[in-house]
Amino acid sequence: MPSRPTTRFTAQGLAKSTRLNAVLKKQFPAWGRQAVERVIGSGKVKLNGRVVKLSSWEVNNGRPLGRLPILQQTRRRGNCLG
């Protein structure tokens, strides 16, 4: 079974340390709140090369985030599915 495509980015433009869920919501505005929580809780987010499962984890500018699955958007309600 082929692996799902993933994406990486570096946290930028943060005035102060910001919660991981807020950083992801800003970076991926099409993702719903539940989709962001599901991705984080499933261990599919890496910060500084380590898996992070807490939405409240603080992220600072310049920190690399990776291994994020690319979510598909459904047509009915605009929800993102992982």
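Here, each number is a calculation from the coordinates, and none is a lab measurement. As the structure is a prediction and not an experimental result, all values here were calculated from the model. Cβ sites come from the backbone with ideal geometry, for glycine too, and all protein chains shown count toward neighbours.
Each residue of the range 8-21 in turn: what ³J(HN,Hα) in whole Hz from Karplus with 6.51, -1.76, 1.60 and θ = phi - 60°, glycine and Pro shown as x?
Taking θ as phi minus 60°, the curve returns 9, 7, 10, 5, 9, x, 8, 6, 8, 4, 10, 4, 4, 5 Hz for the range 8-21.
Tell me the label-point distance for the pair N61, K25, using the 7 Å Cα-to-Cβ offset, in nm and rounded to one decimal.
According to this spin-label approximation, the distance is 2.3 nm.
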